[in-house]
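Shown next, in structure tokens, is the structure this report addresses.
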Amino acid sequence: MLDLKLEDIDGILVRYNVALEKEMTPDEAAEELYPKDELIYPIAKAIFEGEEDDVIEGLQAAIDAGKKPIDLIDEALMVGMGVVTQLYDDGVIFLPNVMMSADAMLAGIEFCKSQTTEVPEPKGKVVCHVAEGDVHDIGKNIVAALLRANGYEVVDLGRDVPVDEVVAAVEKEKPIMLTGTALMTTTMYAFKEVNDKLLEKGIKIPFACGGGAVNQDFVSQYELGVYGEEAADAPKIADAIVAGTTDITALREEFHKH
Ligand code: B12
């Protein structure tokens with residue numbers, strides 16, 4: 001018979017990563033997740049700390065070192081926000097931290113856009129919205145910012161947008177693509193309603209959908225839906241459309257995540 005004492009069990013739990021060796025502070029936990037690159041590290045850290053000025057300072061240093069401002073959105077700002085999201089999901093940090101980091105990140109995106117010398121040709125118009133009943137607009141703001149940074153004209157309808165308003169905007173603006181963001185399992189069904197009303201009017205444009213509540217299976221249930229996991233997928237889907245892939249099935253295959 002094994003004769004285990006309480007001290008032994010603690011040791012076993014640590015040995016097999018069931019329990020942490022020591023409680024980590026949020027800063028220590030973040031430190032383990034930051035990228036090691038010396039230009040990217042300070043930017044990711046400043047995003048985590050919600051320090052807008054330090055984000056801009058870090059971006060400027062990276063640009064001075066030869067990085068392209070537009071590339072830094074993906075390579076540094078998104079990476080920093082990834083650390084924030086992971087630690088929120090792990091219960092290490094709380095909502096106010098997420099909000100402060102999101103503000104710092106959006107300020108960073110604006111700065112990167114202001115620093116770019118390449119003025120992209122307008123490639124096409126995209127209408128963006130957050131589903132009816134849903135106020136979570138951080139992800140949609142990133143999607144809109146990345147689309148603009150990549151040369152698209154964005155008509156941003158905002159958050160909690162009634163289904164009929166989305167449909168009316170698409171009729172009026174005639175975009176190459178519509179995007180939808182939903183973070184709640186109660187609001188994501190609005191996408192299907194938008195889809196059905198667009199089809200009733202004979203409008204068949206790709207409807208790129210993302211946000212924490214939805215996944216590939218859900219979005220593929222309605223005819224126009226193309227799932228995008230990351231905000232950076234939005235300009236990629238738009239680029240594919242501009243390049244001639246307007247067929248929804250082909251777009252779904254191209255952006256399928258395994
Ligand atoms: C911040 C936040 C809030 C803020 C929102 C502030 C704001 N301006 O957005 C506030 C405090 C207002 C809030 C309120 C509420 N919230 Co809240 N909130 C969150 C939280 C912590 C983070 C969401 C977030 O911004 N994430 C970061 C962004 C960047 O992620 P994202 O939007 O998913 O976007 C990424 C991708 O999905 C993608 N993406 C997004 N859209 C699109 C579109 C396309 C086309 C593409 C390609 C990609 C793409 O790009 C982004 C980055 O790559 C989440 C928890 C979580 N883990 O998500 C809860 C969460 C979403 N909230 C939740 C709830 C329940 C609420 C409230 C109902 C709480 C309450 N009881 O009052 C209210 C909702 C009120 C309402 N009617 O909407 C639940 C939803 C549960 C569910 N399954 O339905 C969550 C999941 C928390 C939880 N675990 O319970 N919330």
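Tabulated values for the structure
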quantity	calculated
Electrostatic dipole magnitude of segment 25-115 [Cβ: Lys, Arg +1; Asp, Glu -1; Cα centre; debye, to 20]	320 debye
Mean Cα-pair separation over length for the chain, i.e. relative contact order, pairs under 8 Å, 6 or more apart, %	13 percent
Accessible solvent surface per residue of segment 25-115, calculated while the other protein chains remain in place, 1.4 angstrom probe, Å²	50 Å²
The chain, accessible surface, carbon-and-sulfur percent (1.4 angstrom probe)	52 percent
Long pairs among Lys201/Lys257; Lys45/Lys174; Lys45/Lys204; Lys113/Lys174; Lys113/Lys192; Lys45/Lys192, criterion Cα-Cα beyond 32 Å	Lys45/Lys174; Lys45/Lys204; Lys113/Lys192; Lys45/Lys192
At 0.890 mPa s and 25 °C, Stokes diffusion of segment 119-181 via Kirkwood alpha-carbon radius, µm² per second	211 µm²/s
Integer Hz, Karplus 6.51/-1.76/1.60 couplings in order for segment 86-99, x for Gly and Pro	5, 6, 5, 4, 7, x, 8, 10, 10, 3, x, 4, 4, 5
log₁₀ of I(q)/I(0) at q = 0.09, 0.12, 0.14 Å⁻¹ - the chain, Debye sum with one point per alpha carbon	-0.47, -0.76, -0.96
Mean Cβ count within 10 Å, highest first, over the residues of peptides 99-111, 214-226	99-111, 214-226
Principal axes of segment 124-254: Cα extent on each, largest first, Å	35, 30, 29
Residues with amide H under 5 Å from that of Val226, placed H, sequence gap 5 or more	Phe207, Ala208, Cys209
In degrees, nearest ten, helix 6-15 long axis to first principal axis of the chain (Cα)	40 degrees
Largest-first ellipsoid semi-axes for segment 192-242, taking √(5λ) over the Cα gyration tensor eigenvalues, angstrom	19, 15, 7
Within the chain, helix-based [θ] at 222 nm, where runs of 4 or more DSSP H residues each add -39,500 (n - 2.57), nearest 500	-15000 deg cm²/dmol
Principal axis dimensions, segment 25-115 - Cα atoms, whole angstrom, descending	36, 23, 18
Under Karplus coefficients 6.51, -1.76 and 1.60, residue-wise ³J(HN,Hα) of segment 162-171 in Hz, glycine/proline x	x, 3, 5, 5, 5, 4, 5, 5, 5, 4
Under 15 Å, Cβ to Cβ, from Leu39 - net charge with Lys/Arg +1 and Asp/Glu -1	-4
Separation between Cα centres of segment 176-194 and segment 202-229, rounded to whole Å	8 Å
In sequence order, calculated HN-Hα J values of segment 193-201 (Karplus, 6.51, -1.76, 1.60; Hz; x Gly/Pro)	5, 4, 3, 5, 5, 5, 5, 4, 8
Net dipole in debye of the chain [+1 Lys, Arg Cβ; -1 Asp, Glu Cβ; about Cα centre; nearest 20]	1120 debye
5 angstrom amide H check on Val155, placed H, neighbours 5+ away	Val126, Val127, Cys128
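The values are calculated or read from the model by the stated rules, or taken from the named source; none is laboratory data. Model, not experiment: these values are computed from the prediction. Glycine gets a Cβ as well: all are built from the backbone with ideal geometry, and neighbour counts include every protein chain shown. When the accessible area is computed, the model is the full protein with side chains, heavy atoms only, and any ligands, DNA or RNA have been set aside. Shrake-Rupley method; radii C 1.70, N 1.55, O 1.52, S 1.80 Å.
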